[in-house]
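A.B. asks: Next up is a structure, given as structure tokens.
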Amino acid sequence: MANTNHAKMKFGAFLAPHHPIGESFTLQLQGDLELVALMDSLGFDEFWCGEHHSTGWETIASPELFLAAAAERTERIRLGTGVVSLPYHHPFHVAQRMVQLDHQSRGRAIFGSGPGALPSDAYTLGVDPMLLRDRQDEAMGVIRRLLNGDERFTYECDWFTMRDAKLQVLPIQSHLPFAVASSVSPSGMTLAGKHGTGVLSVASTSTAGLAALPLQWSYATESAAKHGNEVDRADWRVVLNWHIAETRDKAREEARDGLMRWNNEYTVGTLAAGQGNIYKTADEAVDAMAFGKGSAMVIGTVDDLVERILELTEVTGGFGTVLGFVHDWTTRTNNLKSWDLVARYVIPKVNNELGPMHESNLYVRENRDVWSRATKAVVAKIIENPAAHAALTKQQEATRKAQTAVRLAAHSALDGETSPAGKRQTAATKKATRKKAASKNAASTIATRKKAVSNKTASNKTASKKTASKTAASKNTVKKAATPKTVNRKPAGKKAAVRKSTKTTHSRSRKS
């Protein structure tokens, strides 16, 4: 389901802020300014910042100052004061600051006003709470005249005075947009109708405020008719609480601890003076606040938020902008990821930006003859050329054969696995395979044993040969030891000659 209205839903953020005590205020401001810059780059339409002076959680005192800094970091996102508490300021000062903001933002300022949300602020400034809404009404009329560039005028009342007042510089926008904060009571809507302004429904973050929305717009239209004005639903902004992640469980896990702290310490423990539900566990808090009946917040997925926005659109009769309430329920990284998911997936779905893409895809899938004709035209040109035609025919035939082979193989495998005969054959094949493998293993084992025996026999033979060789060598050694020592003798001829010589000598001796 998507938004079927012709006008697209706008998206933005509302920064009160609600920052838990504990973080550096300097770094809080820088983090908030970085968030504005991110939202500008993601394509969000509006960013609103409030004015508060007490409680420790809501620490921005001047939305104009903050938004002027944001203007230097952004290019297209519109910047709204959400809201300037008019009973605390001289109307002439407010008008001048808004003119300056409009120029510093190059015509992107939106003037949002209210009576002052925190009783502690009014007490500090010495303003009777019973006078707040009447003073807002009075100041709005004066500021409108100043921003319109009317002739000089004097105005005196019990809380401010102007003499011959006229702005020396006018806004860039010829009609600088106005918006009035509205909660559960009809006063905000009634004031919007009286002055013909837009509406900022800030109480829709609560269950009671959400339940009051269907009746709220009727107060504005009745008041507008009474004062001769018109109000446009496109100028109605509804604030919602959400945290988005890829899955509902993940969103729950990321937000539950911070949600419980926000409820227990601030919204109930501080703002409501302890009148409300104080939860003992984070799971109890998230179950009751995000998943209970009539829940005013969405902790879940992209589709969960899309569904909630479209439901509200139908129940209220339609509004122009949905603003996400900026909170610190989870880590900074998870918070930024949540805004990223909204920009990438929620906004396109709500505004039916994806419809033409889906239609185009469906058209191509269901009307193949539209583009198959182009293929036929190419084939016709190929057929006109004999060589190209022959090559195409050959290629097509090869493709058909390959496809047929693949199909046959697939069917054969499927039939073989599913038919009874195939199952028996498969079982038999597996059995034969196992038997063959076992036989192969047995043969291998036998061969291995034979080889081992052969190796052992050869080794024994080699050892025997070595032993025999050693034995023979030993015998030869013994034999040599038993044989007498050989006496070197002279040859026989030499011996005879010696004996002859001896005889001759003896003979000569006798003759002498």
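A.B. asks: On the given criteria, is Arg97 basic (Lys, Arg) and in contact with an Asp or Glu (Cβ under 7 Å, 6 or more places away or on another chain)?
C.D. replies: Here the answer is yes, as Arg97 does meet what is asked.
A.B. asks: Could you figure out which of (1) out of contact with any His (no Cβ under 6 Å at 6 or more places or on another chain); (2) touching a residue at least 40 places away in the same chain (Cβ under 8 Å); (3) part of a helix (DSSP H, G or I); (4) over 26 Å from Thr55 (Cα atoms) isn't true of Lys250?
C.D. replies: Lys250 satisfies every listed condition except (2).
A.B. asks: Can you tell me which of (1) surrounded by 14 or more Cβ atoms within 10 Å (Cβ to Cβ); (2) within 21 Å of Ile21 (Cβ to Cβ); (3) of a type outside the set (A, V, I, L, M) is the one Thr301 doesn't meet?
C.D. replies: Of (1) surrounded by 14 or more Cβ atoms within 10 Å (Cβ to Cβ); (2) within 21 Å of Ile21 (Cβ to Cβ); (3) of a type outside the set (A, V, I, L, M), only one is false for Thr301: (2).
A.B. asks: Still on this structure, I have one more. Scan the range 25-32 and give yes if some residue there is in a strand (DSSP E or B) and in contact with a Leu (Cβ under 7 Å, 6 or more places away or on another chain), otherwise no.
C.D. replies: Checked against the condition, which is being in a strand (DSSP E or B) and in contact with a Leu (Cβ under 7 Å, 6 or more places away or on another chain), the range 25-32 yields no hits at all.
A.B. asks: Pull up the range 34-65, narrow it to residues that are part of a helix (DSSP H, G or I) and in contact (Cβ under 8 Å) with a residue 40 or more places away in the chain, then point me to the one that is surrounded by the most Cβ atoms within 10 Å (Cβ to Cβ).
C.D. replies: Ranking the candidates gives Met39 first.
A.B. asks: Here is a further query. Mind checking which residues of the range 111-144 are crowded, with 19+ Cβ neighbours inside 10 Å and either among the hydroxyl-bearing types (Ser, Thr, Tyr) or closer than 15 Å to Gln96 by Cα (or both)?
C.D. replies: Within the range 111-144, Phe111, Gly112, Ser113, Ala139, Met140, Val142, Ile143 meet the criteria.
A.B. asks: It is to be established whether one or more residues within the range 153-167 are farther than 21 Å from Lys194 by Cβ, in contact (Cβ under 8 Å) with a residue 60 or more places away in the chain and of a type in the set (Ser, Thr, Tyr).
C.D. replies: The answer is no; no qualifying residue exists.
A.B. asks: Another question, if that's okay. Which of the following residues is under 28 Å from Lys10 (Cα atoms), modelled with pLDDT of 95 or more and within 30 Å of the chain's Cα centre (by Cα): Leu101, Leu42, Leu65, Leu86?
C.D. replies: Leu42
A.B. asks: Hey, another quick one. Based on this model, can you work out whether Ser120 counts as under 26 Å from Met189 (Cβ atoms), among the hydroxyl-bearing types (Ser, Thr, Tyr) and assigned to a helix (DSSP H, G or I)?
C.D. replies: Yes.
A.B. asks: Now for a different question. Please indicate, with yes or no, whether at least one residue in the range 185-196 is under 36 Å from the mean Cα position of the chain (by Cα), among the small types (Gly, Ala, Ser) and closer than 23 Å to Ala13 by Cα.
C.D. replies: No, the range 185-196 contains no residue that is under 36 Å from the mean Cα position of the chain (by Cα), among the small types (Gly, Ala, Ser) and closer than 23 Å to Ala13 by Cα.
The values are calculated or read from the model by the stated rules, or taken from the named source; none is laboratory data. Source: prediction; values computed, not measured. Cβ atoms come from the backbone with ideal geometry, glycine included; neighbour counts cover every protein chain shown.
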